[in-house]
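Taken together, the values in this text are just the output of simple stated rules run on the coordinates, not laboratory data. Since this is a predicted model, take the numbers as computed values, not measurements. Cβ placement follows ideal geometry from the backbone for every residue including glycine, while neighbour counts extend to all protein chains displayed.
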Amino acid sequence: MAINLPQAYSTILDQAFTLKSVTGPAFKGKFEVVGGTTNVFKVYSVTSQAMRDYTTQKNPGAPGGVGTWGFQYQQAANIEQTVTATQDKYFAIPIDKADAKFSKDGSLDASEWMRAQMEEQILPMIDKYNISKLIAAGTVTGTTVASTTATAYSRFQGLMVAATNALVPSTGRVVLATASWYALLKQDPTFTPASELTAESRRSGNYGRIDNTLVIEVPDGYMSDPKIDAILTHESAAAAPRYLADYNQGEFKEAASGYFVNGRVVHEAFVFGKKATAVRLLKNAA
């Protein structure tokens, strides 16, 4: 891309609008890698056993005379889930020292490049990937119909009912809602946001709380499937490990006359197998 070195310049940089990371509250699942030396690790979960009727009826013909009496043991089992870090991304920007000197508006400042790269590229990239993993693991709940102001809140309640029936704790639930659907929800006459969307949450931007559930408004384009209006999950249902976050900036010495800005991030996101029932998707018919 061309370097622009204007003869006259403004002291105010034209910076793109950005969002900080939005998916963090939905990826608080805990895990620990023991003795890991590769980008692959395994998560194990226990398989519980259905309850059975206890009997006191003895069977004298059985060995020991116990037969059907007492505990009848069944083999214990567990489930293995393999997680592999598949996302390995980098950027590398050289800045010529003369260009930086002549561009006194700061647009070729190394720290400004790093800030822009983080906010405009890295954080949205990770958020979009995290959301795509929720969508891939989630279950579409309710009918696939057009989203309207008349149905938005009732469909939200359908997600909540499904989560409760799946035994998902009410505390810790998180909804990632597209901006378009969230606007419809707030216009639904059956929904009264004033009681729960406090002045503080309005000031904070895109965080609110509805029916004790944290609601995070995300850009429509963050959804890997454009037909998804909202994702209900639980904060412990998924994790987003960042294996490597290596960001550097400085001055070239022998190699060149100028500055470098580079970085590499290795990351992944996954939903725990036994907690996937917490991830519920609201899909529209658009």
Quiz prompt | Reach of LYS253 by Cα under 16 Å, taken over lysines that are not fewer than 8 positions away in the same chain | solution = LYS97
Self-check item: Simple label model, 7 Å out from Cα along Cβ direction - ALA286 to VAL46, nm
Solution: 4.4
Practice problem: Arrange the following residues from fewest to most other Cβ atoms within 10 Å of their Cβ: ILE79, ILE231. | Solution: ILE79, ILE231
Exercise. Within the set of other residues whose C-beta is less than 13 Å from the C-beta of VAL140, count the net charge using Lys and Arg as +1 and Asp and Glu as -1.
Key: +2
Exercise. Inverting the mean 1/r over all pairs of different Cα atoms, compute the Kirkwood radius of segment 247-286 and quote it in Å.
Key: 15.2
Quiz prompt | Simple label model, 7 Å out from Cα along Cβ direction - LYS28 to ARG242, nm | solution = 1.8
Exercise. Take the cross-link list LYS30/LYS128; LYS28/LYS133; LYS89/LYS275; LYS133/LYS186; LYS28/LYS275 and give me the ones stretching past 18 Å between alpha-carbons.
Key: LYS30/LYS128; LYS89/LYS275; LYS133/LYS186
Quiz item: What is the distance, in nm, between label points placed 7 Å from the Cα along the Cα-to-Cβ direction at ARG209 and at ALA150?
Solution: 3.3
Quiz prompt | Radius 12 Å from Cβ of ALA166, net charge of other residues (Lys, Arg +1; Asp, Glu -1) | solution = +4
Quiz item: Using a Förster distance of 35 Å, how high is the FRET efficiency between SER180 and ALA92, based on the Cβ-Cβ distance and rounded to 0.05?
Solution: 0.45
Exercise. For LYS283, list the aspartates and glutamates whose Cα falls under 15 Å from its own Cα; do not include residues on the same chain fewer than 8 positions away.
Key: ASP220, ASP225, ASP229
Quiz prompt | For ALA286, net neighbour charge (Lys/Arg +1, Asp/Glu -1) across residues whose Cβ lies under 15 Å away | solution = 0
Exercise. Return the inverse of the average 1/r over all pairs of distinct C-alpha atoms in segment 208-286, which is the Kirkwood hydrodynamic radius, in Å to one decimal.
Key: 16.5
Quiz item: Suppose every K and R has +1 on its Cβ and every D and E has -1 on its Cβ; what is the size of the dipole of segment 74-167 about the Cα centre, in Debye to the nearest 20?
Solution: 280
Quiz item: How high is the FRET efficiency between GLU251 and GLN81 when r is their beta carbon distance and R₀ equals 41 Å, given to the nearest 0.05?
Solution: 0.35
